[in-house]
Structure formats: C-alpha cells, structure tokens
Amino acid sequence: MDKFVITGGKPLRGKVRISGAKNAALAILCASMMAGEEVVLENIPDISDVRVMIEIIKHMGARVTSNGDASVRIIAPSRAAADPPCHLVKKLRASNLLLGPLLARYGYACISLPGGCNIGVRPMDLHFKGLAGLGAQIDFNGGFAIGKTPRRLKGARIYLDFPSVGATENIMMAACLAEGQTVLENVAKEPEIVDLANFLNCLGAKVRGAGTDIIKIEGVPELGGCVRYAVIPDRIEAGTFMVAAAITRGSLVLENVIPLHVEPICAKLREVGVNVVENGDMLTVEAADASLRPVDIKTLPYPGFPTDMQSQMMAMLATVEGTSVIIENIFENRFQVADELKRMGARVKVEGRMAVVEGVPALYGTRVKATDLRAGAALVIAGLAARGDTEVYNARYIDRGYHRLEEKLRRLGAEVARP
Ligand code: UD1
C-alpha cells in the first residue's frame, strides 16, 4: 500500500547513517551525459527520483550499471537520442537539468516541460534565458522545450535575476563545453552546486567560484571520464532526522554528515532549545530533557534556512508551546501540509507566504496525505510524536527522496509499518 502507518509516542534513539544527496545525485547524473569516458559515481541514494533519472539517461543511450552498493557506472553515448521519454520526464522536475548537457554536447534537446512536486508554479525562464545567452535557440511547442545549437555554444556574461538552483546548474553545465569564458553572476550557492562543479572539474571542466555569487567557467572542447566520484551527504535527510529527534524528545547520532551544510538547520534547532554537537562527520542531536521554545523562520537561498526543511519544522513547532512564525520566500505554494497537520490537532494559520503556528500539548493520529515530498516527511515526523496511529497516504512522494525511511526509523525505535 501507498502509505506509512505510525504508532506515535516513542522517542527516537540510536545512530543513523545519512545517504547521498538526492539533489546533487540528480544533477551529477545529468552531467554524466557530457562525459567522454566512463564515470563511476558513489554514494548515490537508492530513491525513486534517482531510479527514474537513471531510466531516462538509459533511454537516451547511456549504459548504466548499478553495483548494489550505492555506486553507479555510466558510459554516455557519443550520439544520444536527445528526446528524453516524456512519461518519465513528467515524473521528475530535475529532468530539466538535462537541457544544458544535451544542448552543449549533442547540439539538440527536446524536453517535455517537466513535473515534480506540487509546491508552486516553478517556471524555467531563467534556465532558458541563460542557455539562450550562450547561443542556444529555444522554442516551445505543445508542452515541449526544443533547443538547438547550430554551432558550439559561446561563453557569455549571464546575470540571474534570482539565484535559482536549477538554472545555475543547467547554465554551468552547458558553459563547460562552450567556446571561451562564461561568467555567471548572482548564482545559487547551495552545497549541491559546489558538488556538481567538483564533479565537472573531475571530468576536466574548468569551473571556478562555485559556492560564491559568481562562477567563472573556461569552456573546453570535450570532457573525459572520472574513475570515482562520491556524492555529498544529503543535508535535508540529515535535517529531517534532526527534527524527528527533536519532536520525539529523543537523541540521535547522525553519521555521514557535512556539518557546514546543515549549519542553518543546526542554528535554528539550537534556538529551539535542542542540543546539537558536531564531531567530524557526525552530529549528536539531543532533545531528551530539552524544554523547547517557539522560533521564527524565514526560508532563503543557501546559506539561509532551506525551504526543503520548512514543512518538517512546522510539524515540530506545532508541538512547541507558544507562537512560531514561518515565512516561505522560495515557493508560493508550500504550506499545503498545514491543512493535514490541522487534521492531527495542530493550530496553524496561513496567510499568503506566512504561517503562524500555535503550539499544542499533543497531536493526534489520524489519516493524512502527503501533498509533496517534504510535506510527506513532515507528516511522518508528526506521526512519530502523535498520540495513537497516523496513516500517511501518498507515500510514493516520500520514496522520491528518502532511502527506506521506514527501516531507518524502525532501527531508531519508532513503530512504523508499510502495510
Ligand atoms: C531545487 C531543488 C529543490 C529545492 C529548491 C530550492 C533540485 C532537484 N531541487 O529546485 O529541492 O527546494 O532548489 O532550494 O535540486 N524560478 C524562476 N524561474 C526559473 C527558475 C526558478 O522563477 O527559471 C523560481 C522558482 O519558481 C522558485 C525559485 O525560483 O520560486 C527557486 O527555484 P529553484 O532554486 O530554481 O529551485 P529548483 O532548482 O527547481
């Protein structure tokens, strides 16, 4: 069945290993289509979004073998079928990240305007503007974006009106094979951008400045392969477990974490009253005896507080006495989880981009449904703390981004079933 059933009330305790980052893995799989030789990727999470992306690049002619140990071997074709299959592309918004690599390497791409989570309008104007700035010609017809580059792309100076993660990635990838220098200004600084740039450089690209506001790329005629590249740990999966520890007043040790990447989440949890201690690539999150306080949150591009953690924090704050205010600045439709949490007894008022959360003494288990990936995670977290049984429907959303969430939670003492 497409649901999680959670019997709440058990504090989480123990150690959990964080998987590779979904968003880094998806971008790096797309970039692998530009590799001239074999690529071996490690720490690739076994989640449904990654499986769909692998299917897409296979359809386009890539030879992909999974070794079953989170590593994947890819040989991109020298000539690709540049029309990724529509039914798969529609399942996965990140498939829009194929546009840049396909245009740059094969000179042609036809992408069905992609699907993904239902969290806002999510236009692609910045992607198209940037790729057009490099010389691509992009037309739209019947829900498809059709890109052509009669000659090799040409380096250019491109300013993004907003530091979009996907637009930064698409343009950065395409610029690697363009002629001459590209300067990208006002770019996204997320850790996944740095990971993608490191991977591209591993293939022989010349990308500098990833992680800052300006990225400079010297185009090269072709890229090579990469004997081994390990994707960074998933900061949102880590944050989700940290919040799960907090809401159940438990204590967890997270392994395989880059503490710098989760700092915006750690800072907010410390403000709430959770004890978070870094130790190399481990984090200890201790909330057993904590008395938690309400906080205000504003989602912002990195290094601000991540929008992908907003729903989980809302679930947790719903159990913290006092008033918390959440402002969502990235996606216009990301408070849908509030209605589901209300069904569990939460007191949340949404007004445009603002949600006001009044903490209640207890949440109660009932039937709720995930409306997107992170809303699903938030409802599971709420269920862990709720009295009685919570059934979270549309579990397929959760499987898009979490590797066997139910198993990981069970090992930490939670009562979670996937009947
Ligand atoms: C990526 C992440 C997603 C995360 C988001 C913000 C992947 C696969 N997904 O999504 O998990 O929540 O970053 O951190 O990496 N925008 C435009 N025009 C564009 C592009 C974006 O107006 O051309 C707007 C979007 O509508 C949104 C905002 O910019 O309001 C941020 O979007 P963006 O940073 O592009 O997010 P994604 O790359 O889609």
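The values are calculated or read from the model by the stated rules, or taken from the named source; none is laboratory data. Just so it is clear, the structure is predicted and the values come from calculations on it, not from any experiment. Note that we place each Cβ from the backbone using ideal geometry, even for glycine, and neighbour counts take in every protein chain shown. These accessible areas exclude ligands, DNA and RNA; they are computed on the full protein's heavy atoms, side chains included. Shrake-Rupley method; radii C 1.70, N 1.55, O 1.52, S 1.80 Å.
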Straight-line reach from residue 349: which lysines fall under 25 Å, measuring Cα to Cα and dropping same-chain residues less than 8 apart?
268, 298, 369
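What's the longest piece of the chain with no exposed GluC sites (Glu not before Pro), counting a site as exposed if DSSP puts it in a loop and it has at most 16 other beta carbons within 10 Å? Display every interim value, and only then the final one.
Values: sites that count: 37, 38, 222, 321, 332.
Of all site-free stretches, the longest is 39-221.
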Could you go through region 23-31 in sequence order and give the Karplus-derived ³J(HN,Hα) for each residue, using 6.51 cos²θ - 1.76 cosθ + 1.60 with θ = phi - 60°, rounded to whole Hz, and x for Gly and Pro?
5, 6, 4, 5, 5, 5, 4, 5, 4
Remind me, what semi-axes does region 1-49 give for its equivalent ellipsoid, largest first in whole Å, using sqrt of 5 times each Cα gyration tensor eigenvalue?
34, 14, 8
What number comes out for the charge environment of residue 5, summing +1 per Lys or Arg and -1 per Asp or Glu over other residues with Cβ under 9 Å away?
-1
Integer Hz, Karplus 6.51/-1.76/1.60 couplings in order for region 384-401, x for Gly and Pro
4, 9, 6, 7, x, 9, 10, 10, 9, 7, 6, 4, 4, 4, 5, 5, 4, x
As a test of the formula, what do you get for the chain when each DSSP H run with n ≥ 4 contributes -39,500 (n - 2.57) and the sum is divided by the residue count, at 222 nm and rounded to the nearest 500 deg cm²/dmol?
-9000 deg cm²/dmol
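Based on alpha-carbon atoms only, what is the radius of gyration of region 352-419 relative to the globular estimate 2.2 N^0.38 Å? List each step's numbers first, then the result.
Details: Rg = 12.6 Å, N = 68, 2.2 N^0.38 = 10.9 Å.
Compactness ratio reported: 1.16.
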Using modelled amide H (1.01 Å from N, peptide plane; none on Pro or chain starts), what sits under 5 Å from the amide H of residue 178, excluding residues fewer than 5 places away?
220
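Which percent of the accessible area of region 194-300 is formed by carbon and sulfur heavy atoms (probe 1.4 angstrom)? Walk me through the numbers before you get to the answer.
Numbers: 2110 of 4170 Å².
Answer for region 194-300: carbon and sulfur cover 51 percent of the accessible area.
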Share, in percent, of DSSP beta bridges within the chain that are antiparallel, nearest 5:
70 percent
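Would you mind estimating how fast region 298-338 diffuses translationally, via Stokes-Einstein at 25 °C and 0.890 mPa s with the Kirkwood radius over Cα pairs, in µm²/s? Could the numbers behind the result be given before it?
On the way: Rh = 10.7 Å.
Once the numbers are plugged in, D ends up at 230 µm²/s.
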In whole Å, largest first, the alpha carbons of region 165-274 cover along the principal axes 55, 32, 17
Computed over region 300-419, the Cα gyration tensor eigenvalues, each multiplied by 5 and square-rooted, give semi-axes in Å (largest first) of 22, 17, 12
Share of accessible surface on carbon and sulfur in region 1-145, whole %, 1.4 Å probe and ligands ignored, is 50 percent
Radius of gyration and Dmax for region 101-254's Cα atoms, expressed in Å?
17.7, 59
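When a/c reaches 1.5 or more, the comparison of a/b and b/c decides; with that in mind, is region 1-123 rounded, prolate or oblate per its Cα gyration tensor?
On the way: a/c = 2.58, a/b = 1.55, b/c = 1.66.
Oblate is the answer for region 1-123, as a/c is 1.5 or above yet b/c matches or exceeds a/b.
Can you give the convex hull volume of the alpha carbon atoms of region 235-303 per residue, in Å³?
On the way: hull volume 5.0 nm³, N = 69.
Here the figure is 73 Å³ per residue.
I want the local charge near residue 353. Using Cβ-Cβ distances under 12 Å, sum +1 for each Lys or Arg and -1 for each Asp or Glu among the other residues. List each step's numbers first, then the result.
Values: positive: 298, 334; negative: 328, 332, 351.
Spelling it out: positives minus negatives among the neighbours equals -1.
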For the chain: span of alpha carbons on each principal axis (Å, largest first)
64, 43, 40
Global form of region 166-213, assessed from the alpha-carbon gyration tensor, a/c cut-off 1.5
oblate
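When Lys and Arg each count +1 and Asp and Glu each count -1, what net charge do the other residues less than 10 Å away from residue 224, Cβ to Cβ, add up to? Intermediate values should be presented prior to the final figure.
Working: positive: none; negative: 37, 38, 222.
Once positives and negatives cancel, what remains is -3.
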Taking the Cα atoms only, what angle lies between the long axis of helix 263-272 and the longest principal axis of the chain, rounded to 10 degrees?
10 degrees
For the chain, take the longest principal axis of its alpha carbons; what is the angle in degrees between that and the long axis of helix 165-176, to the nearest 10 within 0 to 90?
20 degrees
By its C-alpha gyration tensor, with a ≥ b ≥ c as the square roots of the eigenvalues, how is region 70-164 shaped: rounded for a/c under 1.5, else prolate for a/b larger than b/c, else oblate?
rounded
Any chance you could give the angle, 0 to 90 degrees and rounded to 10, that helix 191-202 forms with the longest Cα principal axis of the chain?
30 degrees
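Give me the 1.4 Å probe accessible area per residue for the chain, excluding ligands and nucleic acids, in Å². Walk me through the intermediate numbers first.
Values: 16170 Å² over 419 residues.
Value returned for the chain: 39 Å² of accessible area per residue.
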